[in-house]
Amino acid sequence: RDFAKATGKRAKTDRIDAFVIAHFGAVIKPVVRPLNDMQTEQLQALLLRRAQLIDMLVAEKARLDRAHAAARESLNDHIKWLKQQLTVADRDIDSFMRSSPAWRQKEDLLRSVPGIGPGAAATLIAFMPQLGSLNRREIAALTGVAPFNCDSGKHQGKRRVQGGRAIVRRALYMACIPALRFNPVIRAFYDRLRKAGKPFKVAMTACIRKLIVTLNAMVHNSTPWSPSAD
């Protein structure tokens, strides 16, 4: 619709949409991407459901903190049920991952990085099939951790990250939390940024970018992680 508006077409019908889509393809020439196979779609569905369960669990725990005594039993029962469902979801995802030799091999490679657990590895396999086939700038932009310019004339605005795949970025953020304790490369990188005066959010975004670039190189070269190679 933004492309249609830019060409002056405000009306919207099926016929107009078809023309605009054809015009967009002719002008922009977007890269043709293959559709996900059925197995990948099933893994994505399992991971999305797990994310929904986590969101519900967080919301219920927040409600419990300020709930009236009359509502706490119901909240506690629901929290207990959600935790049980999370356990089931984790078991289903692990079983599904193990059903594919190619996924098992890729998962083992990704999990060689301190901080990358089963959830992050599964998310990368399901939602980032381009891992290993793009350069460092492209993979950072696809993840949504590449800073973009915002300049005009002599004015130089702040570089900001935007776009990208939120579910992958969220998984990598959660992976960076243990990585700050157990991954010496990420820890040293984070400490250096913080000592230079970078805010926590900026430092964490940079750590996510470093992590995805490292993972991209590992998959491209089919080599496990090592501190010296990071």
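Derivation of every value follows stated rules applied to the coordinates shown; laboratory data play no part. Worth saying up front: this structure is predicted, and the values here are computed from it rather than measured. Counting neighbours? That spans all protein chains shown, and the Cβs are built from the backbone with ideal geometry, glycine included.
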*Work out Dmax and Rg for the chain from the C-alpha atoms and quote the Rg first, both in angstrom.*
21.5, 62
_Full-extension gain between residue 12 and residue 98, please, as 0.36 nm times their residue separation minus the C-alpha to C-alpha distance._
26.3 nm
_Contact order relative to length of the stretch 1-105, as percent, for alpha carbon pairs under 8 angstrom and 6 or more apart_ = 25 percent
_Surrounding net charge for residue 87, when Lys and Arg each add one and Asp and Glu each subtract one, Cβ distance under 12 Å_ = +1
*Enumerate the amide H contacts of residue 161 below 5 Å, restricted to partners 5 or more residues apart or on another chain; note that Pro and chain-start residues carry no placed amide H.*
148
*Roughly how many whole Å is it from the C-alpha centroid of the stretch 1-74 to that of the stretch 109-131?*
22 Å
*Please compute the Cα-Cα pair-distance distribution of the stretch 149-230 with 5 Å bins starting at 0, giving whole percents from short to long.*
3, 13, 20, 22, 18, 12, 6, 4, 1, 0
*asked:* Show log10 I(q)/I(0) for the stretch 32-131 at q = 0.19, 0.23 Å⁻¹, two decimals, from a solvent-free Debye sum over equal Cα scatterers.
replied: -0.91, -1.15
*Quote the relative contact order of the chain in percent (integer), defining contacts as alpha-carbon pairs under 8 Å separated by 6+ residues.*
18 percent
